[in-house]
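Following: one structure in structure tokens, then a few remarks.
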Amino acid sequence: MRSDAVNHSPQQAFRLIVTGGGTGGHTYPALTAVRTLRGRLAAAGRGLDVLWVGTADGLEARVAAAEGIKFAAVATGKIRRSSNPLKLVSPANIRDMGRVPLGAVQARSIVADFRPDAVLATGGYVAVPVSLAARMCHRPLVVHEQTVRLGLANRQLARYATRFAVSSESTLSLLPESARAVAVVTGNPVRPEVLTGQPDKAVQALGLYGFDRALPTVYVTGGAQGSAQINNLVRDVLPWLLEQANVVHQCGPANAAGLEQSTQALPAHLAARYLLTGYVGPELPDVLALADVVVSRSGAGTIAELTALGKAAVFVPLASSAGNEQAHNARHLQEAGAAVALLGAVTAQGLREAVAPLLADAGLRARMAERARVHGRPDAADRLVDVILAAATAT
Ligand SMILES: CC(=O)N[C@H]1[C@@H](OP(=O)(O)OP(=O)(O)OC[C@H]2O[C@@H](n3ccc(=O)[nH]c3=O)[C@H](O)[C@@H]2O)O[C@H](CO)[C@@H](O)[C@@H]1O
């Protein structure tokens, strides 16, 4: 499917509003779609005028700034779910609910002024007012869902979408009927640079000169915000782990200080094989290239990257993710022999037993990596761009 929108009015730039963020899982697929769309339009001699609408303090604001994308902030509120009705009327929820109508008014004025050819919404609370504004202003709305099970924001938006792009066939049966009629399976876009990392660049950029390259390297990651659970498990097995491997440990920007202390006791030869960092920025592709085994949360973004690359992985899913979505992702890959899933109450011993065979046996790692690659969709960004262009010309 190649749309006429690429060749339409070559002198006039394609106008896109992109919205979504809060976490890396919502932000990076949007960024990848923007880059891919820009490339496709440029190849046809057409420009792209893009405006990202997000929250001022979200990851998306930093990512848009780093990419040179215009950014507009709207007020947004996170409604904290709880089984206790009293907690639903907490001061924080009341304050945030008040911000939702304000965000809707701001979003409507932004969309009306910008007059986009299409709006792409990739989830997160901020996507709700912007998508509603797209609907009110009669602009084509493409909603992209990264996870197998719909996120809360996208569930609300499903009925307003011109096209509803999903990452997995198994999501189709979970969609409301109105969204199923406009649904397309695209996969979850992976930043292209993630696929072309180089191990030596990770060593140089992060100063990993104490790593023993004869040993395998483990990349531990808790997702964009880090994971206290994974941090504690890794801390408890660290001396053992460093006897068999080098470790890059991404612990979350807020957690680094607390962990540094526990690693100060390591003998020098083990400490040299360990890098603790809050967040892995532009070096991420190179760190993934260096990694032989990944110990990780099973958010949709991470899964899309690890399967596109083909990496042996041990997943520790976030148990409270919406509808146990992370456990579902991890179990699905475990059943295919493409990962190990640690479900339920995970102990340090359990992590050690899962990682040890993979560190000891390069053949086992290679077979798992090969099975993981079968689930990757490296062409997802191109497919999503097809959907955006088709939605823009359908009106
Ligand atoms: C806590 C939470 O709400 N989790 C959800 C969130 O995941 P969350 O955003 O935490 O995690 P994902 O795995 O989806 O994505 C993380 C992204 O951040 C990148 N990264 C991470 C760490 C780092 O140091 N550097 C870096 O670049 C990863 O490579 C990946 O691209 O959105 C996902 C997609 O909607 C959902 O599946 C998750 O359940």
List the pairs whose first member sits in segment 269-289 and is closer than 17 Å to residue 235 by Cα, whose second member is of a type in the set (Ser, Thr, Tyr) and more than 13 Å from the ligand (Cβ to nearest atom), and whose Cβ atoms are under 8 Å apart, counting only residues at least 6 apart or on separate chains? 271/263; 274/263; 276/263
Restricting to segment 286-298, name every residue that is within 9 Å of the ligand (Cβ to nearest atom) and either more than 23 Å from residue 147 (Cβ to Cβ) or open to solvent by less than 20 Å² (accessible area, probe 1.4 Å) (or both). 287, 288, 296, 298
Residues 61, 66, 30: which one is of a type in the set (Gly, Ala, Ser), open to solvent by 50 Å² or more (accessible area, probe 1.4 Å) and modelled with pLDDT of 90 or more? 66
Single residue of 189, 216, 199 found to be in contact with a Pro (Cβ under 6 Å, 6 or more places away or on another chain) and crowded, with 16+ Cβ neighbours inside 10 Å: 189
Among the residues of segment 200-218, is any closer than 24 Å to residue 309 by Cα, modelled with pLDDT under 95, within 16 Å of the ligand (Cβ to nearest atom) and of a type in the set (D, E, K, R)? no
Just wondering, is there one or more residues in segment 367-382 that are surrounded by fewer than 24 Cβ atoms within 10 Å (Cβ to Cβ), more than 23 Å from the chain's Cα centre (by Cα) and modelled with pLDDT of 95 or more? yes
Restricting attention to segment 219-234, the residues that are within 11 Å of the ligand (Cβ to nearest atom) and open to solvent by 30 Å² or more (accessible area, probe 1.4 Å) number exactly 2
Which pairs turn up if I take residues in segment 212-225 that are assigned to a loop (DSSP other than H, G, I, E, B) and look for partners that are open to solvent by 10 Å² or more (accessible area, probe 1.4 Å) and among the hydrophobic types (A, V, I, L, M, F, W, C) with beta carbon separation below 8 Å, at least 6 apart in sequence or on another chain? 216/359; 216/362; 222/228; 223/318; 224/59; 225/254
Enumeration of residues in segment 302-327 that are polar (S, T, N, Q) and within 11 Å of the ligand (Cβ to nearest atom): 302, 320, 321, 324, 326
Starting from residues that are within 27 Å of the chain's Cα centre (by Cα) and more than 11 Å from residue 128 (Cα to Cα), keep the ones in segment 84-100 and report whichever is modelled with the lowest pLDDT. 93
Does segment 41-67 hold any residues that are under 26 Å from residue 147 (Cα atoms) and away from the ligand (no atom under 16 Å from the Cβ), and which are they? 50, 51, 52, 53, 56
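The values are calculated or read from the model by the stated rules, or taken from the named source; none is laboratory data. Fair warning: this is a prediction, and the values are worked out from it, not measured in the lab. All Cβ positions, glycine included, derive from the backbone under ideal geometry; neighbour counts span all protein chains shown. Only protein heavy atoms, including side chains, enter the accessible area calculation; ligands, DNA and RNA are left aside. Shrake-Rupley method; radii C 1.70, N 1.55, O 1.52, S 1.80 Å.
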